[in-house]
Amino acid sequence: MGQYFDNDNLPSKMVKTECFVLGKKFIFFTDNGVFSKDGLDFGSRLLLESIPLEEVGGKVLDMGCGYGVLGIILNKITSCSVDMVDVNLRALHLTNINAKENHCTDYKVYESNCYSNVGSRYSCIITNPPIRAGKKIVYDIVMNAKDYLNDDGVLFIVIRKEQGAKSLIVDLEKVYNVEVIQKKKGFYIIKCLKAI
């Protein structure tokens, strides 16, 4: 849990990584104390490669952005406006560096513990939720997303089967119209529309 909530927990050792996603090359600086410090993780890649990009437009929120992978790649691929938020200050510092490194435009990066500092509504919220932070945090992120989505907004989530994907889907169906759009290597990509 420390990596998500302690902002000065480990000595810094910044590393430059590269990845190719959706036909483009991206550079990401990572560091100790952030998720997937060795580079793009399988779940985030699968999420990006599975979501229908035509449904990602307008204003997008990358909730629990880490060092900015989801928001930065979507900003570059779809030209959406993106807000990237996290509780970890080191992650936010890296996100700012990475947004500049990848020549992003129309983005904001700011600290928020789940939605505590979020004051906008979005056409799309995307998240690879911090499972190690515990079920309460994950549920806060995914269940309360509906309050920050436009009426026709969509939430995209990646979660592993072994981390409770099936029970999460049951709970999501209480407040969203839910569709599993991809399953691969135990990872579920879940699309949630507000149930109006």
Considering the stretch 108-138 alone, what residues qualify as being under 25 Å from Lys25 (Cα atoms) and of a type in the set (A, V, I, L, M)? Val109, Ile125, Ile126
Filter the stretch 48-82 down to the residues that are free of Cβ contacts under 8 Å to residues at least 40 places away in the same chain and in contact with a helix residue (DSSP H, G or I) (Cβ under 7 Å, 6 or more places away or on another chain), then identify the one that is surrounded by the fewest Cβ atoms within 10 Å (Cβ to Cβ). Leu53
Report those strands (runs of 3 or more DSSP E) wholly inside the stretch 146-194 carrying at least 2 residues which are basic (Lys, Arg) and modelled with pLDDT under 95. 176-184
Of everything in the stretch 83-107 that's touching a helix residue (DSSP H, G or I) at 6+ places or on another chain (Cβ under 8 Å) and within 11 Å of Phe29 (Cα to Cα), which residue is surrounded by the most Cβ atoms within 10 Å (Cβ to Cβ)? Thr95
Counting only residues in the stretch 139-196 that are in contact (Cβ under 8 Å) with a residue 60 or more places away in the chain and of a type in the set (Phe, Trp, Tyr), the one farthest from Leu48 (Cα to Cα) is identified as Tyr148
So, of the residues in the stretch 40-96 that are hydroxyl-bearing (Ser, Thr, Tyr) and assigned to a helix (DSSP H, G or I), which turns out to be farthest from Tyr107 (Cα to Cα)? Ser50
Filtering the stretch 99-109 for residues that are under 15 Å from the mean Cα position of the chain (by Cα) and either part of a helix (DSSP H, G or I) or without any contact (Cβ under 8 Å) to a residue 24 or more places away in the chain (or both) leaves a count of 1
Can you pull out the residues in the stretch 110-130 that are of a type outside the set (Phe, Trp, Tyr) and in a strand (DSSP E or B)? Glu111, Ser123, Cys124, Ile125, Ile126, Thr127
Under the condition of being among the hydrophobic types (A, V, I, L, M, F, W, C) and surrounded by 17 or more Cβ atoms within 10 Å (Cβ to Cβ), which residue from the stretch 30-47 is farthest from Ile181 (Cα to Cα)? Val34
Residue among Val60, Val82 that is of a type in the set (Val, Ile, Thr), under 16 Å from Lys191 (Cβ atoms) and modelled with pLDDT of 95 or more: Val60
Out of Tyr115, Tyr110, which single residue is surrounded by fewer than 17 Cβ atoms within 10 Å (Cβ to Cβ), among the aromatic types (Phe, Trp, Tyr) and either farther than 22 Å from Leu46 by Cα or touching a helix residue (DSSP H, G or I) at 6+ places or on another chain (Cβ under 9 Å) (or both)? Tyr110
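The values are calculated or read from the model by the stated rules, or taken from the named source; none is laboratory data. Computed from a predicted model, the values in this text were never measured in an experiment. FYI the Cβ positions are ideal-geometry reconstructions off the backbone, even for glycines, and counts take in every protein chain you see.
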